[in-house]
Amino acid sequence: MTDRKELQYGDKMIRMEGVIVEIHEGCVGIDLKGRLGFLKIPMRMLITEYPLKVGQEVAWNMSFVEQLGPKANEKYVSNLDTYIRHRKEMEEKNEEGGRQR
Amino acid sequence: MSISAETAKEHAKDPAVLCCRAEEGITIQASNLEDPAIFDDLVDSGLLDLTGALTIEQVLGAKLTKTCDSLCPLTSDVVEGITAPTEKKDGKQQNVAYADGTDPILRTGSVQKDWTSVQGGVLKIHIGEGKDIDIELPVTAATPAESSVQTVPAACGAVQTPSADKIQDPEAETEEKTVRSLTRKHYRIKEVKRGPETKIDKDVLYIREGIEAECVASQELVHDLKIDIITPEEYHTYSETIMDVQPVACKEGDCELGTGVTRVLDGVVMMVTGTDDNGVQIGEFGSSEGYLDENIMWNRPGAPDKGEIFIKTQVTIEAGMNMERPGPLAAHAATDYITQEIREALKALEDDSLVADIEEFHQVRRPGKKKIVIVKEIMGQGAMHDNLILPVEPVGVLGAKPNVDLGNVPVCVSPLEVLDGCIHALTCIGPASKEMSRHYWREPLVLEALYDKEIDLCGVIFVGSPQINAEKFYVSKRVGMMVEMMDVDGAFITTEGFGNNHIDFASHHEQIGMRGIPVVGLSFCAVQGALVVGNKYMTNMVDNNKSESGIENEVLACNTLCTEDALRALVMLKNAMAGEEVKKPEKKWNPNVKSSNVELISNVTGKPVELVKNEQSLPMSKKRKEKYD
């Protein structure tokens, strides 16, 4: 676990805007305007005043993302490796299943 | 921005600062003053220096002797005709607790160093710091013969109720009444094996080989299901995100949930995990995938206990369904197919000698004592943010209604229904703060409130947290009405995790608080879950955080409600009902507030509050690569 490092630019708050591009029952996908990225957040992290629609604009304050240190956390590396491996296995399995069908 | 006369009254003891330029000679009114709520930030950033500033109550009605700019703190140099300050009482009140440890009056919002106690017939008064203190004691109060009689401090005038009067007079108390009882019969399981049929043979549980295919067939969206039996030796195994931890229990005969007899297997729990066809986690966010022994906070109410065997299902659902409502539900229902077969085997047991332990729960009403209700906010935003309410079998699926389908409206249940598994949690995201199905089975606040002889727990209300704000307020108003009709003296409101559910959490406080009922809230807050909204009724809060840095640390159940939080909340509510004010929190999260409060409670009650461990007690993953399979 990384020691908690104070953020250097944490107080540089910027208003970010985005567009809701995906709506699922448990989450929404948001494109950041200006092709600045994509954000997928669970429903409970979204404050909703109106029924959700694709194309609705949203906004929030955020700062810059800073590295907490030079080291890679082995736990996450290991989980990621496993995840990629599992996904590959499942893809292969799906393909086999497709051929059999 | 200027403040109203009402705000000025609330902030009478806060510093007086001009909100805008004011001319020499004016009479200072509330409309000339800035809201003290913003001062902390201004002081932090060096824009404001409050040294020598007078208080709002001192300057109101006084004359300004010099033209001053906005954000200028008012000091005696520029103000004429200052009103004398009223006597400051905060922090200097004497708290009295009694020999039997009952009714400890503590300021639990922050630390108070001055306290008084009567223990073993000796009256101890400790004053850390202070002046102008008047202590008046009736002479008889210090005599041992009277020490067991509880008195309510004078400060409680505001909330005096007929029941409070009865507390003062033990003879007037009505007798306790047991409404219903629940018996839990524990069956010890030492080994789980696969076999030709699902059965329990002494302390061995057999799960039928080939049951997986039937689980898959039972749910259209489920494409695959794998069962892993994880023994303590195999805790260091990779697992997909843990979606739920459930007890294996069934009702005996025709008993209904929450009453009669429940049979439960000890030493074994059901664990639901899964992905979709593409390997994407169900409940994609805040995943706790990884090595089980590094991701589980053992022995939390909702988590497995160290030493238990897990019957872990790994369910594969249709691609893309991981974030749609039917997806997580199908994974749970497919797992419950196995649990149900075990339940049938457990029901069929006739040999009473296999019962290792019997636990009795009584729902006791205590007329005359302070009447309390527990409001538990559960997630209802959709998909994995859902819960099945009141199944036929403990933590089952059959017969239960999803609270999203019920419109998230409040549902009343008895405390024993909670402890008998009336919630099958589809458990949302945020592994550290989510309440697993097992959490309700061992809910600490319900248990502590049920056993507390000083209060009368009348029931538990479950209310869902819908997605849209308008719906949040709709359900919250229903909670307010329901609580009003119950005529309670106090209420607890709990919620799991953090996010938009804090909006309704705040609204529940308002709805109950505006009816003059003291409320104590319990939630994970700390750093990451800091409340997004607040109102003037949210003064009594208990933070469920246990993590070192106050964040969602991805360790299952780490930051959920534990006994230590329940005890703090109970003391806080008793104080609030006695009319004691809880001190304001510090501006930033400070874990010392909790430790000081815990120490105070231990000192006054004479019973140490044992604190649970946090993630620091788990193995660290330094040489993860070497362990990696």
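Remarks
- Some residue of segment B:279-288 being within 12 Å of another protein chain (Cβ to nearest Cβ), surrounded by fewer than 24 Cβ atoms within 10 Å (Cβ to Cβ) and not in a loop (DSSP other than H, G, I, E, B): yes
- Residues being crowded, with 22+ Cβ neighbours inside 10 Å and within 14 Å of another protein chain (Cβ to nearest Cβ) - total across segment B:476-504: 9
- Criterion: hydrophobic (A, V, I, L, M, F, W, C) and more than 28 Å from B:Tyr537 (Cβ to Cβ) - qualifying residue of B:Ile56, B:Ile38, B:Ile28: B:Ile28
- Remark: pairs (first residue in segment B:294-308, farther than 15 Å from B:Pro431 by Cα and in the same structural domain as B:Glu548 (by TED's automatic domain parsing); second residue among the hydrophobic types (A, V, I, L, M, F, W, C) and modelled with pLDDT under 95; Cβ separation under 9 Å; 6+ apart in sequence or on different chains) are absent.
- Lone qualifier among B:Ala12, B:Ala8 - being part of a loop (DSSP other than H, G, I, E, B), at pLDDT below 90 and not assigned by TED's automatic domain parsing to the domain that holds B:Glu581: B:Ala12
- Which numbered condition B:Ala345 misses (of (1) among the small types (Gly, Ala, Ser); (2) modelled with pLDDT of 95 or more; (3) crowded, with 23+ Cβ neighbours inside 10 Å; (4) part of a helix (DSSP H, G or I)): (3)
- Segment B:289-302, subset charged (D, E, K, R) and over 21 Å from B:Val192 (Cα atoms), residue farthest from the other protein chains (Cβ to nearest Cβ): B:Arg300
- Residue match in segment B:523-536 (condition: of a type in the set (D, E, K, R), within 19 Å of the chain's Cα centre (by Cα) and outside the structural domain of B:Glu234 (by TED's automatic domain parsing)): no
- Matching residues, segment B:297-337, being of a type in the set (Gly, Ala, Ser) and either assigned to a strand (DSSP E or B) or under 22 Å from B:Ala400 (Cβ atoms) (or both): B:Gly302, B:Gly327, B:Ala330, B:Ala331, B:Ala333, B:Ala334
- Residue in segment B:68-76 that is outside the structural domain of B:Lys583 (by TED's automatic domain parsing), farther than 21 Å from B:Lys536 by Cα, in a loop (DSSP other than H, G, I, E, B) and touching a Ser or Thr at 6+ places or on another chain (Cβ under 9 Å) present: yes
- Wholly within segment B:394-480, strands (runs of 3 or more DSSP E) carrying at least 2 residues that are of a type in the set (Gly, Ala, Ser): B:455-465
- Which numbered condition B:Gly550 misses (of (1) in contact (Cβ under 8 Å) with a residue 60 or more places away in the chain; (2) over 11 Å from the mean Cα position of the chain (by Cα); (3) within 14 Å of chain A (Cβ to nearest Cβ)): (1)
- Matching entry among B:Val192, B:Val216 (being at pLDDT 95 or above, under 27 Å from B:Leu426 (Cα atoms) and part of a strand (DSSP E or B)): B:Val192
The values are calculated or read from the model by the stated rules, or taken from the named source; none is laboratory data. Computed from a prediction, not measured in an experiment: that's the story for all the values here. Every residue, glycine among them, receives a Cβ derived from its backbone with ideal geometry; neighbour counts consider all protein chains shown.
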